[in-house]
Amino acid sequence: QVQVVESGGGLVQPGGSLRLSCAVSGSIFSRYAMAWYRQAPGKQRELVAGISTEQSTNYADSVKGRFTISRDNAKNTVYLQMNSLKPEDTAVYYCHFINRLGREYWGQGTQVTVSS
């Protein structure tokens, strides 16, 4: 059974940093592109960053230069390093991937709150 578990969220002041982690079990992690999404209250879920199996990355314009996505296939984990956080980064952050059969997997989400 596939499990996707995020961690690392919390409350941080503007300008601060957080590192999110997403651990995947029950699936061959290295086969899949991974992504982080976020959803703020009253807004649609949006793509934040993605990383391919070959380590190529892409970012939403709003986080370019501040966030870094990475993966460790030996640990079946994808990370999101978030620097220079802004209040508008406040959201629930979700880890996501799609397997070879087209089935989507989401974690339960981790809350990130940026506030003074």
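For segment 49-101, enumerate the residues that are assigned to a strand (DSSP E or B), among the β-branched types (Val, Ile, Thr) and farther than 16 Å from GLY9 by Cβ. So that I can check it myself, show each step before the final result.
We begin by selecting, within segment 49-101, every residue assigned to a strand (DSSP E or B); these are 49-51, 57-59, 67-72, 77-82, 91-98.
Now drop any that are not among the β-branched types (Val, Ile, Thr), which leaves 51, 57, 68-69, 77-78, 92, 98.
Hits for segment 49-101 are ILE51, THR57, THR68, ILE98.
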Taking segment 100-110, which residues are surrounded by 11 or more Cβ atoms within 10 Å (Cβ to Cβ) and either over 17 Å from ARG38 (Cβ atoms) or among the polar types (S, T, N, Q) (or both)?
GLN108, THR110
With the structure loaded, tell me whether GLN44 is in a loop (DSSP other than H, G, I, E, B), modelled with pLDDT of 95 or more, out of contact with any Lys or Arg (no Cβ under 9 Å at 6 or more places or on another chain) and open to solvent by 20 Å² or more (accessible area, probe 1.4 Å) or whether it fails that test.
yes
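This table checks each residue for (1) surrounded by fewer than 14 Cβ atoms within 10 Å (Cβ to Cβ); (2) at pLDDT below 95; (3) aromatic (Phe, Trp, Tyr); (4) part of a loop (DSSP other than H, G, I, E, B).
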{"residue": "LEU11", "(1), (2), (3), (4)": "yes, no, no, no"}
{"residue": "CYS22", "(1), (2), (3), (4)": "no, no, no, no"}
{"residue": "SER27", "(1), (2), (3), (4)": "no, yes, no, yes"}
{"residue": "SER30", "(1), (2), (3), (4)": "yes, yes, no, no"}
Test set (1) at pLDDT below 95; (2) at positive phi; (3) open to solvent by 60 Å² or more (accessible area, probe 1.4 Å) - GLY65 fails condition number
(1)
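Here is a yes/no grid of residues against (1) out of contact with any Asp or Glu (no Cβ under 6 Å at 6 or more places or on another chain); (2) open to solvent by 30 Å² or more (accessible area, probe 1.4 Å); (3) on the phi > 0 side of the Ramachandran plot; (4) of a type in the set (D, E, K, R):
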| residue | (1), (2), (3), (4) |
| --- | --- |
| ASN58 | yes, yes, no, no |
| ASN73 | yes, yes, no, no |
| ASN76 | yes, yes, yes, no |
| ILE98 | no, yes, no, no |
| VAL112 | yes, no, no, no |
So, THR53, is that one open to solvent by 30 Å² or more (accessible area, probe 1.4 Å), touching a residue at least 12 places away in the same chain (Cβ under 8 Å), hydroxyl-bearing (Ser, Thr, Tyr) and farther than 23 Å from PHE29 by Cα or not?
no
Just to be sure, is VAL5 open to solvent by 30 Å² or more (accessible area, probe 1.4 Å), in contact (Cβ under 8 Å) with a residue 24 or more places away in the chain and part of a strand (DSSP E or B)?
yes
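The values are calculated or read from the model by the stated rules, or taken from the named source; none is laboratory data. Since this is a predicted model, take the numbers as computed values, not measurements. Cβ sites come from the backbone with ideal geometry, for glycine too, and all protein chains shown count toward neighbours. Side chains included, ligands, DNA and RNA excluded: accessible areas come from the protein's heavy atoms. Shrake-Rupley method; radii C 1.70, N 1.55, O 1.52, S 1.80 Å.
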